[in-house]
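Okay, structure first, notes after.
Rule-based calculations on the coordinates, nothing more; no lab input. Quick caveat: nothing in here was measured; it's all calculated off a predicted structure. Counting neighbours? That spans all protein chains shown, and the Cβs are built from the backbone with ideal geometry, glycine included.
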């Protein structure tokens, strides 16, 4: 019983340590240039840069993590756990959540295929390896939801070997 719980406990501890390290090591925020607005002299506002992109996109985090078994022969050799977010046009969040079961099914199929071809073996966080995975995830997301989905972001990824 303990042999089965130990990997899950270690996975949770590792994920917690990763989040803590990410928070601790994040860069300091950029300084914001403040100016006094003529219409509201009591309020300081950030000057908008001319080349600043419009906020016509939003990011939708999938509700649950994806758990992908790594199978070697007929035995589960490990697990990969990952969290994904989608870049979509502003106002599309509710539509994404309404179709999340379909997206999850398609994403899991891509993740299982990636695992079966050895995509999570060795240096699975290699930039080229992750680019291939992101491209495949984006392709099925666009197939299911249309071209409004411009990107699939891998927010967290961890592998637990047995």
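Just grab the label-to-label distance for residue 3 and residue 17, each label 7 Å out from Cα along the Cβ direction, in nm (one decimal).
With each label placed 7 Å out from Cα toward Cβ, I get 2.4 nm.
Over what distance in Å are the Cα centres of the stretch 90-112 and the stretch 130-151 separated?
With the stretch 90-112 and the stretch 130-151 each reduced to a Cα centre, they are spaced 10 Å.
Starting from the 7 Å offset along Cα-to-Cβ, what nm value, one decimal, do you get for the label separation of residue 130 and residue 162?
2.7
Which whole-number percent is the relative contact order of the stretch 57-161 (Cα, under 8 Å, 6+ apart)?
37
Subtracting the Cα-Cα distance from 0.36 nm times the residue separation, let me have the gained length for residue 59 to residue 147 in nm, one decimal.
30.2 nm
Using r as the Cβ-Cβ distance of residue 117 and residue 75, and R0 as 30 Å, what FRET efficiency do you calculate, to the nearest 0.05?
Once rounded, the FRET efficiency stands at 0.95.
Using Cα pairs closer than 8 Å and at least 6 residues apart in sequence, work out the relative contact order for the stretch 63-106, in percent.
Relative contact order comes out at 28 percent.
Packing-wise, with mean Cβ within 10 Å as the measure, how do 144-157, 80-93, 5-18 rank, highest first?
Working: 144-157: 15.5, 80-93: 17.4, 5-18: 11.9.
So the peptides 144-157, 80-93, 5-18, ranked by packing, come out 80-93, 144-157, 5-18.
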